[in-house]
1. What nm distances, shortest first, do you get from the label point of B:Gly147 to those in the other copies when the point sits 7 angstrom along Cα to Cβ?
2. One decimal, nm, shortest first: give the distances between the label point of A:Lys67 and those of the same position in the other copies, each label point 7 Å from Cα along Cα→Cβ.
3. Calculate the mean, over all residues of peptide B:66-72, of how many other protein chain Cβ atoms lie within 10 angstrom of the residue's Cβ.
4. Using a cut-off of 11 Å between beta-carbons, work out the net charge of the residues near A:Ala21 (Lys and Arg +1, Asp and Glu -1, A:Ala21 not included).
5. Compute the FRET efficiency between B:Cys146 and A:Arg41 as 1/(1 + (r/R0)^6), taking r as their Cβ-Cβ distance and R0 = 22 Å, and round to the nearest 0.05.
6. For the modelled label position 7 Å from the Cα of A:Glu12 along Cα-to-Cβ, which residues of the stretch A:75-114 have backbone nitrogen atoms closer than 13 Å?
7. Take chain A, connect every pair of alpha-carbon atoms lying under 10 Å apart with a spring to form a Gaussian network, then pick out the residue of A:Pro16, A:Pro32, A:Pro143 with the largest mean-square fluctuation.
8. Divide, for the stretch A:23-146, the radius of gyration over alpha carbons by 2.2 N^0.38 Å, where N is the residue count.
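Please treat every number below as a calculation from the coordinates, not as lab data. Bear in mind the structure is a predicted one, so any value in this text is a computation, not a measurement. Here the Cβ is made from the backbone with ideal geometry for all residues, glycine too, and neighbour counts use every protein chain on show.
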There are 2 protein chains.
Amino acid sequence: MDHDATRIGELEVPLPDRTDARLVFIGRIRTPFKTRDDCPRQGSPDGPICRIEIDEPYRPGLKGLEKYERIEVLYWLHLARRDLVQQSPKADGRATGVFALRSPLRPNPIGSALVTVIAVEPDAVLVRGLDCLDGTPLIDIKPDRCGYSPPAALRPTSQ
Amino acid sequence: MDHDATRIGELEVPLPDRTDARLVFIGRIRTPFKTRDDCPRQGSPDGPICRIEIDEPYRPGLKGLEKYERIEVLYWLHLARRDLVQQSPKADGRATGVFALRSPLRPNPIGSALVTVIAVEPDAVLVRGLDCLDGTPLIDIKPDRCGYSPPAALRPTSQ
């Protein structure tokens with residue numbers, strides 16, 4: 001399957017050559033999916049266990065993560081084209097806007113997944129529910145917003 | 001409230017001076033929240049209507065978005081420190097890892113929100129459920145993964 005061809009009806013908008021913000025990769029994701037054709041279209045709660053490896057300086061950031069069953073993972077879809085603003089996933093000439101698709105091809109190719117935590121290790125998190133390629137760069141991990149109450153000091157205002 | 005002070009027990013890890021990937025802002029978010037103290041701790045489904053403005057080249061990407069009631073919004077927390085790997089939200093000396101918090105202060109300060117679509121206009125999306133500052137740069141919009149079925153051509157393999 002050619003993941004990089006433009007199909008009939010698709011709209012290309014070249015990505016501007018500027019950097020509005022810079023990302024630093026904080027680890028990488030190990031999955032059994034070695035090619036883009038191997039990746040499922042969406043992660044499944046009974047999918048294979050994948051290992052999210054955290055680079056050394058960020059490992060203290062895992063403290064407390066074991067309290068959560070579900071986490072949100074953000075990652076960089078490093079192989080994806082960034083210039084297809086309308087896409088035709090069925091290759092049938094009908095195009096849909098990129099913001100109405102969860103396609104990996106996006107102006108800012110960030111994937112987000114909600115996954116189930118199997119184990120938290122000192123340098124990694126084992127999860128089920130990912131659909132990304134082996135070696136995908138990691139951007140962030142957060143607790144799932146459901147089941148999360150923001151801890152906070154009292155505010156000076158009545159907010 | 002001082003949003004930039006380091007509190008007792010917090011762990012700083014300076015962000016490396018490298019760019020692993022570059023983001024291009026594709027619009028901005030208009031909210032009634034003019035300062036960080038104005039922002040609610042989490043967005044609420046009955047919160048105020050906010051306007052997500054899309055820059056000109058990306059507006060065709062909205063085609064089809066009106067089919068979805070709930071969307072995921074990714075945005076750049078442009079005022080946030082990036083070096084606090086353990087944080088003490090209650091300022092009580094007890095620190096939690098950044099990956100176990102939904103704090104805006106993160107190595108890659110990307111906010112994610114699930115919001116309700118009120119209207120899709122040619123150059124903007126009106127939504128409820130955001131908690132970010134007025135003027136926050138927009139990174140991406142996707143349909144909520146619940147209620148989304150990936151459209152696709154048949155694959156050559158049995159996947």
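1. From this label point to the equivalent ones elsewhere in the assembly: 2.2 nm.
2. Distances between equivalent label points, in nm: 4.0.
3. On the way: counts 2, 2, 2, 0, 0, 2, 4.
That average works out to 2.
4. Values: positive: A:Arg18, A:Arg22, B:Arg22, B:Arg82; negative: A:Asp20.
For residues surrounding A:Ala21, the net value is +3.
5. Working: r = 15 Å, r/R0 = 0.68.
After rounding, the FRET efficiency stands at 0.90.
6. Only A:81-86 pass the distance filter.
7. Its mean-square fluctuation being the largest, the pick is A:Pro16.
8. Working: Rg = 15.1 Å, N = 124, 2.2 N^0.38 = 13.7 Å.
Here the answer is 1.10, to two decimals.
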